[in-house]
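For reference, the structure discussed in these notes is given below.
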Amino acid sequence: MKAVLSSALAAAIFAGSMTSCTQVKKITSPADVKIGFLVKQPEEQWFQNEWTFAQQCADKYGFKLQKIGVPDGEKLLSAIDNLHAQGAQGFVVCVPDVKLGPAVVKKAAEYSMKVFTVDDQFVGPDGSLMTDVPYMGLSARNIGKQVGGELWAEMLKRGWKPEEVAACVPTYDVLNTVKQRTDGATDTLTALGFKKENIFTSAEKALDVPSGMDAANVILTQHAKIEKWIVYSVNDESVIGAIRAMEGRGFAAENVIGIGIGAGQGFNEFKKDKPTGYFACCMISPKRHGFETAELTFKWVLNGAMPPLDTRTAGVMANRENFKQVAKDLGLESLL
Ligand code: FCA
């Protein structure tokens, strides 16, 4: 049995070493594999979680993992240069700007490195999504629809008259995976009977708490007479920013229903003694986005197994009552 396994491993290693003719160092064991995990916003809980799970994957298989924050294009391209200089054979990346996709692919090809893109899909020079680079992202529209359905259900549960409620929606339409989320929620709400003219959007500068707060303040200033709000947006940070804006203007938690999309940041809201306007979260899976993308890239380097080109992950709703169980199911106990 041992002999069979080791010859299979040898064959796999041989195949891996043959996939890249320019590779300097031959790959003779998992320990020879080094991959990068590059993320655009390392301070965000989501990306921290992705890194944690990617590291678990590296520890399991025994390959080397280099985690690098790449907040802008210059840092991104120099991170790829550095990875190559250190002998890395591939990387997983969430780019700071999806239009950098072609430059990333070009550089990786020059270095014979494998590229796996996570969360934010590359966009080509003609503006279309680059579907030929392996990608793992959210089933973003469906997740948005879940958010819309949950907001509607909670509104009715609270006995609110839909026509008296407005939606505060910080948006970021230049990024497809997040535009799909807010569009999905809007579609579901309007299909259920929410008035389209009561949905107020405002573009965020970035995908963080201050940007969510600024976008919400624009909306709240323009619509000062509204007393009941639902809030949805592109991620947890943006919704939490909007909730803070509402608190700053004196809205009580019972008059606000906010639902985020994320995997950790919103727990802090659920842990507070009194409920805030942050009512629920569509929990997405950093384990799949961190562990699985690292695993697929590792196997691609090791034995040439091409990853699937398009993998979409689902979300599950969590609120103050069930979030601990949902967190456990997603392997996020350490955040509780
Ligand atoms: C995008 C967002 C992140 C996270 C991720 C899954 O990259 O910017 O906040 O939601 O998708």
Pick out, from Pro102, Leu83, Thr186, the residue whose Cα sits farthest towards the positive end of the charge dipole of the chain, with +1 on the Cβ of Lys and Arg and -1 on the Cβ of Asp and Glu. Leu83
Angle, helix 73-85 long axis vs. longest principal axis of the chain, Cα atoms, 0 to 90°, nearest 10? 30 degrees
Using Cα atoms only, what is the angle between the long axis of helix 140-157 and the major principal axis of the chain, expressed in degrees (0 to 90) to the nearest 10? 30 degrees
Filter the GluC sites (Glu not before Pro) in segment 228-336 to those in DSSP coil with at most 14 other Cβ atoms within 10 Å of their Cβ, and list the result. Glu321
Determine the distance separating the Cα centre of segment 313-332 from the Cα centre of segment 102-178; give it in Å without decimals. 20 Å
Residues Glu254 and Lys328, FRET efficiency given R0 of 41 Å [Cβ-Cβ distance, rounded to 0.05]: 0.90
Fewest-first sequence of Cys281, Cys57 by Cβ atoms within 10 Å of each Cβ: Cys57, Cys281
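For segment 140-283, what is the charge dipole size about the Cα centre, in debye to the nearest 20, if Lys and Arg each add +1 at the Cβ and Asp and Glu each add -1 at the Cβ? Could you put the intermediate results ahead of the total?
Numbers: 17 positive and 18 negative charges, 40 e Å.
Once rounded to the nearest 20, the dipole reads 200 debye.
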Could you name the lysines whose alpha carbon sits less than 22 Å from that of Lys179, not counting residues in the same chain fewer than 8 places away? Lys40, Lys99, Lys145, Lys195, Lys196, Lys205
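Between the DSSP loop rule and a limit of at most 10 other Cβ atoms within 10 Å, which trypsin sites (Lys or Arg not before Pro) in segment 236-324 are left? Don't skip to the answer; put the middle values down first.
Working: sites: Arg244, Arg249, Lys271, Lys272, Lys287, Arg288, Lys299, Arg312, Arg320, Lys324; in loops: Arg249, Lys272, Arg320.
Within segment 236-324, no trypsin sites (Lys or Arg not before Pro) qualify (loop, at most 10 other Cβ atoms within 10 Å).
Using the eigenvalues of the Cα gyration tensor, what equivalent ellipsoid semi-axes result for segment 140-283 when each is taken as the square root of five times the eigenvalue, whole Å, largest first?
Numbers: eigenvalues 65, 61, 49 Å².
In descending order the semi-axes read 18, 18, 16 Å.
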What is the antiparallel percent of DSSP beta bridges lying wholly in the chain, to the nearest 5? 10 percent
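What is the dipole size for the chain, taken about its Cα centre, with +1 at each Lys and Arg Cβ and -1 at each Asp and Glu Cβ, in debye to the nearest 20?
Working: 37 positive and 38 negative charges, 143 e Å.
Roughly 680 debye, rounded to the nearest 20.
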For Lys157, which aspartates and glutamates qualify as cross-link partners when the Cα separation must be under 19 Å and same-chain residues fewer than eight apart are set aside? Glu227, Glu254, Glu321
Output the 0 to 90 degree angle, nearest 10, between the alpha-carbon long axis of helix 101-110 and the longest principal axis computed from the alpha carbons of the chain. 10 degrees
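Cα convex hull of the chain: mean projected area in nm², to one decimal? Could the numbers behind the result be given before it?
Details: hull surface 72.8 nm².
Average projection, Cα convex hull of the chain: 18.2 nm².
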Which of the lysines could a cross-linker bridge to Lys299, judged by Cα under 16 Å and excluding same-chain residues fewer than eight apart? Lys26, Lys34, Lys60, Lys64, Lys114
Taking a virtual spin label 7 Å from the Cα of Thr190 along the C-beta vector, which residues in segment 155-172 bring their backbone nitrogen under 15 Å of it? 167-169
Exposure proxy order (Cβ contacts within 10 Å, fewest to most) of Thr186, Thr221: Thr221, Thr186
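Just so you know, all these numbers are worked out from the coordinates, no wet-lab data involved. Everything quoted here is computed from the prediction, not taken from an experiment. Positions of Cβ are generated from backbone atoms using ideal geometry, with glycine treated the same way; all protein chains shown enter the neighbour counts.
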